[in-house]
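Since every read-out is calculated from the coordinates, none of them should be taken as a lab result. This structure is a prediction, so every number in the text was calculated from the model and none was measured. Heads up, the Cβs are rebuilt from the backbone with ideal geometry, glycines too, and the neighbour counts pull from every protein chain shown.
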Amino acid sequence: MGENVGDGLIVDWISYYADVARISAGSKATKEELLAAAEPLIELLDDLIQYLRKALNSLETSQLTKAEFLERSQGHLRKAAEAYREVGDLPSAPYECSEVDNLLQQIAGSVDNIPLLYSPESSAKWTDASRLSQAIQQVEDASNTMQDLKYELRKVR
């Protein structure tokens with residue numbers, strides 16, 4: 001019924017805890033390794049956020065049609081989806097970089113939602129106005145989170 005570790009705390013260890021701990025410890029990157037792998041992705045995501053903000057603003061103000069937006073943004077939207085996959089492939093973050101890792105994943109997810117919003121599959125789900133509003137919100141969320149990420153990066157460097 002568990003092990004008494006003191007102060008009335010009983011811990012019921014899972015039988016394969018040692019195996020999980022060993023595997024997990026072996027897959028963690030050092031701070032330097034994680035930052036070296038993450039920095040190019042952070043720069044790419046920051047550039048994508050800036051581009052998408054301008055392009056969506058042009059769409060919102062009717063400087064671009066939806067077709068023009070999609071044509072001009074096709075490469076950027078593809079890069080957003082690729083960046084999301086690459087962030088998911090980063091090595092496990094060490095404890096001191098866990099917030100950096102969490103924020104980077106949030107940014108990549110927000111940016112990756114934009115190509116999903118403009119995919120052929122989603123065209124029947126939302127009106128153009130709703131899709132645009134959601135895309136603008138995703139860019140704003142990513143931009144705000146990017147500021148938090150830059151703050152966290154200064155702390156861990």
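In order along segment 60-72, the phi-based Karplus estimate (6.51 cos²θ - 1.76 cosθ + 1.60, θ = phi - 60°) of 3J(HN,Hα) comes to 5, 8, 6, 6, 10, 7, 4, 4, 5, 4, 5, 5, 6 Hz; Gly and Pro are listed as x.
A cut-off of 5 Å between modelled amide H atoms, ignoring neighbours fewer than 5 places along the same chain, links Ser92 with Ala29.
Here the alpha carbons of segment 109-157 define both size measures, Rg and Dmax, at 14.1, 46 Å. Database remark: amide H of Leu64 closer than 5 angstrom to the amide H of Leu59 (H placed geometrically; neighbours at sequence offset of 5 or more, or on other chains; Pro and chain starts carry no H). Helices in the chain, meaning DSSP H runs of at least 4 residues, each add -39500 (n - 2.57). Divided by all residues, the mean residue ellipticity at 222 nm is -25000 deg cm²/dmol. If R0 is 35 Å, what FRET efficiency do you get for Ser122 and Asp47 from their C-beta distance, rounded to 0.05? For R0 = 35 Å, the calculated efficiency reads 0.90.
In plain terms, the chain from Val156 to Arg78 could stretch by 25.0 nm, reckoned as 0.36 nm per residue minus the Cα-Cα distance. By the count of other C-beta atoms within 10 Å, a proxy for reagent exposure, Thr145, Thr127 are ordered fewest to most as Thr127, Thr145. Relative to the current alpha-carbon distance between Leu9 and Ala67, full extension at 0.36 nm per residue lengthens the span by 14.7 nm.
List the pairs from Lys54/Lys79; Lys54/Lys155; Lys31/Lys150; Lys31/Lys54; Lys54/Lys125 whose alpha-carbon separation is above 27 Å, in the order I gave them. Where the Cα-Cα span goes over 27 Å, the pairs concerned are Lys54/Lys155; Lys31/Lys54. Give me the log10 of I(q) over I(0) for the chain at q = 0.10, 0.11 Å⁻¹, as the Debye formula computes it from C-alpha points; what are the numbers? Log-scaled intensity ratios, in q order: -0.49, -0.56.
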